[in-house]
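To start, the structure under review is shown below, and the notes come after it.
The values are calculated or read from the model by the stated rules, or taken from the named source; none is laboratory data. Fair warning: this is a prediction, and the values are worked out from it, not measured in the lab. So basically every Cβ, Gly included, is an ideal-geometry build from the backbone, and we count neighbours across all protein chains shown. Note: accessible area is taken over every heavy atom of the protein model, side chains too, but ligands, DNA and RNA are not part of it. Shrake-Rupley method; radii C 1.70, N 1.55, O 1.52, S 1.80 Å.
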Amino acid sequence: MIQKNNWAFFSGVFLVCACVMALQILQSRIFSVVTWYHLSFLVISIAMFGLTLGALKVYAGNELDQRQNLPAHLRANSFWFGVITLLSLIVQIAIPIISTDFKTLLVTLPFVAGVTAAAYYYAGQLISLCLTRSDKPVGLVYGADLIGASAGCLGALALMQTIDGPSAVLVISGLAILSGYLFTLGDTRQTRRHGIIGLLIILCGLLNASLAKPLIYPLWTKGALLTEKHINFEKWNSISRVTVINQLEGHPVFLWGASPLLPKNTTAEYQYLMIDGDASTPITKFDGVSWSKLKYLEYDVTNIPYFMPGINSVAVIGVGGGRDLLSARYFGAKKTIAMDVNATQVNLLTKNQEYSNYANLNKLPNSKIINSEARNFFSRNNEKFDVIQMSLIDTWAATGAGAFALSENSIYTVDAFKIFMNSLNPHGALSVSRWQKDDSYNEIGRMISMTMAALQDRGVKDPWKNIIVVRSARIATMVASPEALTTAQLTAIEKASTKYKYEILISPRTPSRFAALNAIYKSADRAALLKATQDETYDISPPSDMRPFFFNQAKVMKPLQIIKAAYLEKSSAVSDTMQGHLNATLNLYIIILFSVIAATLTLILPFRGALADAPSKFVRAGSAYFAMIGLGFMFVEISLMQIMTTFLGHPVYSLGIVLFSLILSSGFGSMLSERHPLRTRHGIMVWTGLIFVYIATMAVIIDPMTKLFIEQPFIIRTLITIGLIMPCGLLLGYAFPTGMRLTQSVAPKMTAWFWGINGACGVVASALAVLVGIGWGLDITLLIGACFYGLLTIPALTLLKFSNA
């Protein structure tokens, strides 16, 4: 039985693929809440693994039965895709996935990964059946697949902006079950029953989202139990899950880097605002007039710049709960503006009646709290400030774009610091606070190297004269100025440091106790600066927009060194933050290793018997072709998403615009290949040549291009991004259907093997591209993607010879 209604069939393909893509994005967001950010990246590999395994299950099945009973198979797989999606949600939010006990982790993580992969296994079967067992042209089916996936990107973002993550997954689960109705058009009682079940699940999701305290929510966050009774406020969006924890009265004051002279029993009243269950900041109760109650703010090293004379205007990057804004006003700033990329946090302090009246920050005269990305704000703003403050801006939260795409990366680059410096008055100060534990200096070392590079690029001859770093407890604050720090500024900071017993780590008057910091500090030029940082255990070289991984200070291309630092040399020299990133990098290695082993055992070896069905030269050419498009597409996709995160202002914008544009245009390319197939040697050479030249050109021009247009309004940057990516996607869309036509015409049974190769390489590349981007840079990652497509000429021409024989 062959599906006759084309409209319903293609609509079903569209809906299923939209659900698959949306589910990956939503699960990445949920994993970022319940686990650490680096584990949320695992969702991509799990999804690709499950999808490919499902596709190979189809190839191992009874082809005649699959063709004759196609609607029934599609309905059954859509049903189980939806049901197991619901089951995987329950597992993800009810089981403590991560644990300090390694043995427990070895049980919980594989179990959750297995249940999660099972949903994609059924989706993989469904999509494979549509592509290979229907009577529809493969180019059109694959085009509907990709266009549906692009719609899923936007759908996931829309859901995350309107309802919470678990409720959104319920909606996707219901839609997945409903897709089976389209494949059979409700022609059986079972189909109608499935449709009713799907609608009920969707209604449950919407009902759960409408409740003041949802019944379905993550019980465990980062291994800790957090029930609704402890939560006063909860709001999900595409960036984070924002919660406010119960009010604390008479609690010890919240200070980042407290002076040892802080009077004992100093208390305050505040509530904890938490991002994804871990990154926290206080919302201090303040009536707007009782400034004397805030005297304890003088004892925090993050506020050291306010002891300098002449501080009247202040800009705060990352408003959080408003602590830095409150500090600026306490120390006498007459005009303040605080910004945050997270609209929920801004709305909490400005529009939410309970919390705006609790903090009263939006009622201060000459004060603004705005929803804006810092780089874009300062690029377009002509106002100059006396202080720009960034205190511990990091959430360790993965966004919809996946892990290792942290929003904070874009503000910790040389290019960003140059923008911030341009927005300061001549003797203004950029104040940045970072973690600094005992003998660990990697974070503050990288901060100094980045600031030195920014000042050198601005033409400053002796940039060390512009920088001073002060430390207390676990926090170090760097104060840097566009001009050399004045005698009055240095004296004021030194006097305050003596008064509050802060340590001056390094200054124009005081060398550091760390020889490495002194070497960085006195670097005469960029070459000397790079030389001073290259021999360090950790990567403290200045991050750029093409390598914007400030937080990933582990040298990812030296795995043995990382393992040694993480497990064999644990000491006070490794900060908690650094330990976290070492673990993140180790997990990335594990993901790559697991991907290679799992793909080999389950996707390649089971189908090696198909090698006997065709000449060895044909097998080698086909394997190389599908391997290259699997590797190439992921290298291009991941590098473009990371690069455009900086250009567009946040990973979620990159996800919505880059991924949508790339997949949508690839879908159009696939459909175009059906009308204008590549059947000649000349056509294939022109196509592969165009792909290589276009992507390689992008790799060369994308950095200067993004710098040139970074100050443009968001809509202009969006149009530029779409205009750059759509031609690339159109060319890439030809690859898969062209390969399928060339191989099916020679050895139809070999498609099982080629599916396995393509899926396995895609799984591995999803992690490998991240590793290369961190280690060598995003432009190099993009260039490697171009090379994969350039080399595609050789196997493609070989396949063409066999096809024309």
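Here are the numbers for this structure:
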{"read-out": "Charge dipole (segment 248-310, unit charges on Cβ, about Cα centre) - positive-most of 252, 281, 310", "value": "310"}
{"read-out": "Partners for residue 222 among aspartates and glutamates (Cα-Cα distance below 14 Å; same-chain residues under 8 apart left out)", "value": "101, 276, 278"}
{"read-out": "In segment 637-688, the trypsin sites (Lys or Arg not before Pro) that fall in loop regions by DSSP, at most 16 other Cβ within 10 Å", "value": "679"}
{"read-out": "Selection of trypsin sites (Lys or Arg not before Pro), segment 452-503, meeting DSSP coil and at most 16 other Cβ within 10 Å", "value": "458, 461, 501"}
{"read-out": "Calculated from backbone phi, Karplus (6.51, -1.76, 1.60) coupling profile of segment 662-669 in Hz, x at Gly/Pro", "value": "5, 6, 4, 5, 5, x, 5, x"}
{"read-out": "Under 16 Å from residue 801, Cα to Cα: lysines that are on another chain or at least 8 residues apart", "value": "617"}
{"read-out": "Rounded accessible area of residue 17 (nearest 10 Å², 1.4 Å probe)", "value": "10"}
{"read-out": "Over 26 Å (Cα to Cα) - which of 384/461; 285/384; 264/335 fall in this group", "value": "285/384; 264/335"}
{"read-out": "Relative contact order (%) - the chain, alpha-carbon pairs under 8 angstrom, separation at least six", "value": "14"}
{"read-out": "Positive-end residue of 658, 493, 149, charge dipole of the chain with Cβ unit charges", "value": "149"}
{"read-out": "Size of segment 348-494 as Cα extents on the principal axes (Å, biggest first)", "value": "49, 38, 33"}
{"read-out": "Helix-only CD estimate at 222 nm, as mean residue ellipticity for the chain, using -39500 (n - 2.57) per DSSP H run (n ≥ 4)", "value": "-19000 deg cm²/dmol"}
{"read-out": "Size of electric dipole in segment 457-535: Cβ of Lys, Arg +1 and of Asp, Glu -1, about Cα centre, debye, nearest 20", "value": "240"}
{"read-out": "Average projected area [Cα convex hull, segment 84-185], square nanometres", "value": "8.1"}
{"read-out": "Most to least packed among 415-425, 77-87 [average Cβ atoms within 10 Å]", "value": "77-87, 415-425"}
{"read-out": "Whole-Hz couplings from phi, Karplus 6.51/-1.76/1.60, listed for segment 317-331; x for Gly and Pro", "value": "8, x, 5, x, x, x, 5, 5, 4, 4, 4, 4, 6, 4, 7"}
{"read-out": "In sequence order, calculated HN-Hα J values of segment 155-172 (Karplus, 6.51, -1.76, 1.60; Hz; x Gly/Pro)", "value": "x, 5, 5, 5, 5, 5, 7, 10, 9, 6, x, x, 5, 5, 5, 4, 4, 5"}
{"read-out": "For the chain, average projected area of the Cα convex hull in nm²", "value": "33.1"}
{"read-out": "Given charges at beta-carbon only (K, R positive; D, E negative), |dipole| of segment 264-359 in Debye", "value": "400"}
{"read-out": "Neighbourhood charge, 13 Å Cβ-Cβ cut-off, centred on residue 667 and excluding it, Lys, Arg +1 and Asp, Glu -1", "value": "-2"}
{"read-out": "Shape category assigned to segment 469-517 from the gyration tensor of Cα positions, a/c cut at 1.5", "value": "oblate"}
{"read-out": "Per residue solvent-accessible surface (Å²) - the chain, probe of 1.4 Å", "value": "36"}
{"read-out": "Surface/4 estimate of mean projected area, convex hull on alpha-carbon atoms of segment 218-292, nm²", "value": "6.8"}
{"read-out": "Residue 378 accessible area, assembled protein chains, probe 1.4 Å, Å²", "value": "10"}
{"read-out": "Check: the chain dipole with +1 on Lys, Arg Cβ and -1 on Asp, Glu Cβ, in debye", "value": "520"}
{"read-out": "Candidate residues 272, 181: accessible-area rank, largest first, probe 1.4 Å", "value": "181, 272"}
{"read-out": "Positive-end residue, the chain charge dipole about Cα centroid, Cβ charges, pick of 421, 723, 25", "value": "723"}
{"read-out": "Overall dimensions of segment 230-374 as given by Cα atoms, namely Rg and Dmax in Å", "value": "14.6, 43"}
{"read-out": "Within straight-line cross-link reach of residue 293, aspartates and glutamates at Cα separation under 18 Å, skipping those fewer than 8 residues along the same chain", "value": "249, 269, 324"}
{"read-out": "Within-13-Å neighbourhood charge of residue 237 [Cβ basis; K, R +1; D, E -1]", "value": "-1"}
{"read-out": "Under 5 Å, built H, 5+ apart or other chain: amide partners of residue 369", "value": "338"}
{"read-out": "Convex hull volume per residue for segment 609-723, taking Cα atoms only, in Å³", "value": "135"}
{"read-out": "Translational D in µm²/s for segment 677-805 (Stokes-Einstein at 10 °C, 1.306 mPa s, Kirkwood Rh from C-alpha pairs)", "value": "96"}
{"read-out": "Folded to 0 to 90 degrees: helix 487-500 orientation relative to the chain principal axis, Cα", "value": "90"}
{"read-out": "Shape category assigned to segment 413-549 from the gyration tensor of Cα positions, a/c cut at 1.5", "value": "oblate"}
{"read-out": "Prolate/oblate/rounded call for segment 703-776, Cα gyration tensor, a/c under 1.5 rounded", "value": "oblate"}
